[in-house]
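What follows is a set of notes on a single structure, which appears directly below.
What follows draws every value from the coordinates through simple rules; no lab data is involved. These figures come from a predicted structure and were not determined experimentally. Every residue, glycine among them, receives a Cβ derived from its backbone with ideal geometry; neighbour counts consider all protein chains shown.
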Amino acid sequence: MSAPREHGILMRAAQALLAPVLAVAIAMVVGDLLILTYGESPGTVYALLLEGTWGNAYGFGQVLYKTMTLICTGLAFAYAARAGLFNVGAEGQLAAGGFAAALIGLALPVATPAVAAVLLCTAGAMGAGAVTGAVPGVLRARFGASEVIVTIMLNFIVLALLNYAVASHLAVPETLHTEVMQAGFVSRLGAFLPAFAGSAANLTIVIAVIAAVVAWWAMFRTRSGFELRAVGLQPDAAEYGGVNVPRTWLRAMIWSGAFAGLGGINFVLGYKHYYEEGFAAGSGFLGIAVALVGRNHPLGIIAAALLFATLSQGGLAVNALVPKQLVDILQAVVILAVATTVPEVQRLLQRAASAAVRRGSTEQTT
Amino acid sequence: MRRTLYLLGALVAAHLLLLTITPSGATIAPEGEGLDIGIVFDVGGRGDKSFNDGAYLGGLLAADSLSARVRYIEPGEGSDREAGLRLLAAEGMDLVLAVGFIFTDDVLTLAKDYPDVKFAGVDYALSFDDAGNPLPLPDNLVALKFREEEGSFLVGAMAALVGESKKVGFIGGMDIGLIHKFEAGYRAGVMHVCPDCEVLVQYAGVTPEAFKNPGKGKELALSQYNQGVNVIYHASGSTGLGVFEAARTTGKLAIGVDADQYAEAPGHVLTSMVKGIDAAVFDAARAVQDGTFQGGVRVFGLAERGVGYVYDDNNRALIPDSVRTRLQALEEDIIAGRIRVPSTR
């Protein structure tokens with residue numbers, strides 16, 4: 001009885017992996033051609049990219065550091081997407097989370113026990129992200145406002161408010177960051193694994209992995225997770241089945257924001273111990289790509305976060321030979337290739353295409 | 001499924017094939033004698049027509065006349081700054097340059113981690129102890145700082161003398177201490193030659209976006225020109241492109257910043273307050289070459305020719321000789337310490 005089931009799991013895993021693997025292969029060939037047009041040798045550049053990321057402990061530490069933030073923003077997008085919502089606001093939610101963590105760390109007395117301080121700062125980060133996510137959640141649940149528009153616009157508002165608070169009130173003169181926190185430090189990996197010395201990698205990566213496990217459990221093993229996915233697949237049917245759709249949307253946005261906010265502790269608690277303007281600029285948007293490549297599944301998101309973190313760090317390593325925009329292009333190719341093969345996106349495209357056809361035919365008749 | 005697998009196989013084969021190609025001009029690992037210099041740019045990177053490009057120019061100069069090998073890194077997000085510096089330092093570069101105040105913490109950490117590598121921080125923000133004295137820097141770190149207020153003082157005086165109006169304008173980018181330095185020097189310069197003049201001061205915003213908002217720059221500039229201002233000095237990054245646009249449409253004058261910005265609006269750029277980042281970078285490289293490199297703070301003001309204003313064939317017609325003579329006298333007074341230019345408002 002168990003053999004065919006395992007076979008089924010293997011097949012499913014292979015099918016899930018096929019699209020991303022194909023996407024990476026396409027990206028590598030495109031990269032080869034770009035590097036050649038730039039007059040460099042693809043072999044050298046890729047060797048340098050691997051050497052600078054997975055080839056030594058420092059590079060790998062940097063990859064882990066970037067992975068942490070991307071896991072969080074990827075989970076944020078995926079959690080909302082499972083409920084059929086498009087949360088484009090991770091950028092602002094992430095910044096709000098980092099800011100709240102830094103504020104709490106600044107306000108706590110120096111003597112606060114380390115564990116308590118870290119827990120408080122982490123809760124603050126998730127809370128701030130959740131509040132930022134709740135705003136579009138409420139607007140969607142109560143008034144049916146498009147969460148896409150609201151989250152995009154909220155990014156500007158949140159970032160501008162934080163900019164103002166930091167630049168005009170909290171910044172150390174001549175800089176764009178706050179004072180160093182009093183408490184709430186998370187140790188870097190280099191503190192107990194000397195090979196990682198100097199890299200920004202820190203123990204918050206463990207928290208991110210725990211968050212991914214919790215997200216998986218919440219999505220697939222709880223009743224509210226079932227409701228979440230039911231609403232995402234077909235809201236009308238879910239409502240008919242007795243699910244409170246608006247409440248599910250709100251809950252999804254709150255958790256989505258909390259995951260994004262959690263990403264803020266990576267820089268603030270684990271690395272610099274202060275909030276800095278634009279500390280993870282772009283990571284919120286990259287989270288969308290991570291979730292897409294990871295097929296909105298927490299396990300896939302961890303893998304995709306590692307991939308994008310590797311590309312991002314690799315871009316620095318090869319910067320001497322080719323412009324770093326090369327890596328941006330590689331990322332874009334991966335995203336495009338995956339986007340066209342992922343069933344959810346295909347369904348969306350088909351729906352858009354048939355809508356266009358319908359619009360076309362009505363225009364002809366009128 | 002099978003078709004996809006074939007496709008995958010074909011792609012991997014193509015990739016492996018392409019990996020073996022080495023074009024004739026490909027970079028080979030640097031070797032031989034000569035200085036190795038690494039430069040990490042501010043987020044934003046090359047092409048800003050301002051200080052990143054200034055540092056790039058300094059690097060080119062070092063490559064030309066010191067036959068140095070120069071490598072550049074453009075960081076993306078926050079953690080890339082330290083990573084970029086570390087990448088270069090770990091390769092055993094002779095000199096690693098960090099461009100921009102935002103590198104302050106990173107370059108200090110690195111200087112401590114790599115005592116054998118020399119570091120330089122452009123616009124490095126000094127920390128002060130409780131008594132208000134700057135904290136000493138490591139021996140292998142030099143902070144390259146500029147007295148932007150001195151250059152701004154001279155263009156302020158020029159704006160008041162040439163403007164033929166009791167009102168002169170200033171447009172800043174982001175409302176922060178760094179830009180207040182420009183404003184304070186400019187205001188002092190205006191007041192020095194025209195005590196009853198009024199300086200209209202406006203900032204484009206409180207976020208870093210304020211440095212790249214030409215629309216806002218144009219709007220602010222037009223309103224100042226309409227109030228009777230004839231000359232506007234901007235210290236606002238690419239927001240200033242809007243100021244030049246406004247100068248062109250109203251036929252009035254604007255003053256550029258950091259680099260010679262005459263080309264942005266020929267005939268309407270009175271002058272530019274230039275900051276000699278290229279020279280500072282080149283000096284640091286030469287000091288390493290000669291073995292005269294010293295850690296600490298190096299300040300570039302008028303006396304060191306680190307700041308100044310543009311006076312050449314392009315704008316000579318706009319500046320009367322009497323004004324030029326007056327400015328030269330002011331410059332001597334500042335260098336001799338007879339005029340003290342404020343750096344805060």
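Using Stokes-Einstein with the Kirkwood hydrodynamic radius over Cα pairs, what translational diffusion coefficient do you get for the protein assembly as shown at 37 °C and a viscosity of 0.692 mPa s, in µm²/s rounded to a whole number? Please report the intermediate quantities before stating the final value.
On the way: Rh = 27.9 Å.
For these conditions, the coefficient is 118 µm²/s.
What are the extents of the Cα atoms of segment A:170-316 along their three principal axes, listed from largest to smallest and rounded to whole Å?
The Cα atoms of segment A:170-316 stretch 57, 34, 27 Å along the principal axes, largest first.
Which value in deg cm²/dmol, rounded to the nearest 500, describes the helix-derived mean residue ellipticity at 222 nm for chain B, given -39,500 (n - 2.57) per DSSP H run of n ≥ 4 and division by the residue count? It would help to have the intermediate numbers written out before the result.
Values: 10 runs with 142 residues, N = 345.
That comes out to -13500 deg cm²/dmol.
Bins of 5 Å, beginning at zero and ending with the bin holding the largest distance: percent of Cα pairs per bin for segment A:231-294, please.
Cα pair-distance distribution for segment A:231-294, in percent: 4, 14, 16, 17, 15, 13, 8, 6, 5, 2, 0.
Can you give the FRET efficiency to the nearest 0.05 for A:V110 and B:Q294, using r as the Cβ-Cβ distance and R₀ = 45 Å? Walk me through the numbers on the way to the answer.
Numbers: r = 37 Å, r/R0 = 0.82.
The calculated FRET efficiency here is 0.75.
What is the antiparallel percent of DSSP beta bridges lying wholly in the protein assembly as shown, to the nearest 5?
Beta bridges within the protein assembly as shown, antiparallel portion: roughly 10 percent.
At a 10 Å Cβ-Cβ cut-off, how would you order B:V70, A:V21, fewest neighbours first?
On the way: B:V70 23, A:V21 15.
If I rank by nearby Cβ atoms, fewest first, I get A:V21, B:V70.
What percentages make up the Cα-Cα pair-distance distribution of chain B when the bins are 20 Å wide from 0?
Final binned percentages: 28, 49, 18, 4, 0.
Find the Cα radius of gyration of segment B:300-345, compare it with 2.2 N^0.38 Å by division, and give the number to two decimals. Walk me through the intermediate numbers first.
On the way: Rg = 12.2 Å, N = 46, 2.2 N^0.38 = 9.4 Å.
Rounded to two decimals, the normalised Rg is 1.29.
Taking the Cβ of each residue in A:M28, A:M253 as the centre, tally the other Cβ atoms inside 10 Å and list the residues starting with the fewest.
Details: A:M28 21, A:M253 32.
The fewest-first ordering by Cβ neighbours comes to A:M28, A:M253.
Working from the pairwise distances between different alpha carbons, so that the mean of 1/r is found and then inverted, what is segment A:16-354's Kirkwood radius in Å? Spell out each step's value before the answer.
On the way: mean 1/r = 0.0486 Å⁻¹.
It works out to 20.6 Å.
At most 12 other Cβ atoms within 10 Å and a DSSP loop assignment: could you name the trypsin sites (Lys or Arg not before Pro) in segment A:192-281 that fit? Write out the running numbers ahead of the final one.
On the way: sites: A:R221, A:R223, A:R229, A:R247, A:R251, A:K272; in loops: A:R221.
Taking segment A:192-281 and a limit of 12 other Cβ atoms within 10 Å, the loop trypsin sites (Lys or Arg not before Pro) found are A:R221.
Using amide H atoms built 1.01 Å from N in the peptide plane, name the residues 5+ places from A:A281, or on other chains, whose amide H lies under 5 Å from its own.
The answer is B:G78.
With Kirkwood's inverse mean 1/r over C-alpha pairs for Rh, give me the Rg to Rh ratio of segment B:125-184, two decimals please. Please report the intermediate quantities before stating the final value.
Numbers: Rg = 16.4 Å, Rh = 14.4 Å.
Using only Cα positions, Rg/Rh for segment B:125-184 is 1.14.
Among A:L170, B:I232, A:I157, whose Cα sits farthest toward the positive end of the charge dipole of the protein assembly as shown (+1 at Cβ of Lys/Arg, -1 at Cβ of Asp/Glu, about the Cα centre)?
In the protein assembly as shown, that residue is A:I157.
Looking only at B:N133, B:N230, B:N213, which one moves most when chain B is put into a Gaussian network model with springs between Cα atoms under 10 Å?
Ranking B:N133, B:N230, B:N213 by mean-square fluctuation puts B:N133 first.
Going by alpha carbons, how many degrees (0 to 90, nearest 10) lie between the helix axis of B:177-193 and the longest principal axis of chain B?
Tilt relative to chain B: about 30 degrees.
Tell me, A:H169, A:H177 in order of fewest to most beta-carbon neighbours within 10 Å? Mind dumping the intermediate values first?
Values: A:H169 8, A:H177 21.
Ranking A:H169, A:H177 by Cβ neighbours within 10 Å, fewest first, gives A:H169, A:H177.
Report, for chain B, the % of DSSP beta bridges that are antiparallel, rounded to 5. Don't jump to the answer; show the numbers that get you there.
Values: 4 of 46 bridges.
The antiparallel fraction comes to roughly 10 percent.
With the contact rule set at Cα under 8 Å and sequence spacing of 6 or more, what percent relative contact order holds for segment A:16-354? Provide the component values of the computation, followed by the final result.
On the way: 619 pairs, mean separation 116.9, N = 339.
Dividing the mean separation by the residue count of segment A:16-354 yields 34 percent.
Could you list the GluC sites (Glu not before Pro) in segment B:107-167 that lie in coil according to DSSP, counting only those with at most 13 other Cβ atoms within 10 Å of their Cβ? Show your work: numbers first, answer last.
Working: sites: B:E148, B:E149, B:E150, B:E164; in loops: B:E164.
Loop-located and lightly packed - B:E164.
So what's the gap between the Cα centers of segment A:35-83 and segment A:93-112, to the nearest angstrom?
What the calculation gives is 28 Å, centre to centre.
If you build the Cα gyration tensor of segment A:171-243 and take the root of 5 times each eigenvalue, what three semi-axes come out, in whole angstrom, biggest first? Write out the running numbers ahead of the final one.
On the way: eigenvalues 357, 74, 18 Å².
Equivalent ellipsoid of segment A:171-243: 42, 19, 10 Å, largest first.
If you build a Gaussian network model of chain A, linking Cα atoms that sit under 10 Å apart, which residue out of A:L269, A:L159, A:L233 swings the most?
A:L233
Using DSSP to call loops (not H, G, I, E or B), can you name the GluC sites (Glu not before Pro) in segment B:54-134 whose Cβ has at most 15 other Cβ atoms within 10 angstrom? Show your work: numbers first, answer last.
On the way: sites: B:E77, B:E82, B:E91; in loops: B:E77, B:E91.
Hits after loop and neighbour filter: B:E91.
P(r) tail for segment B:264-345, what percent of Cα pairs lie past 22 Å? Please list the in-between numbers first.
Details: 1444 of 3321 pairs.
The proportion of pairs with Cα distances above 22 Å equals 43 percent.
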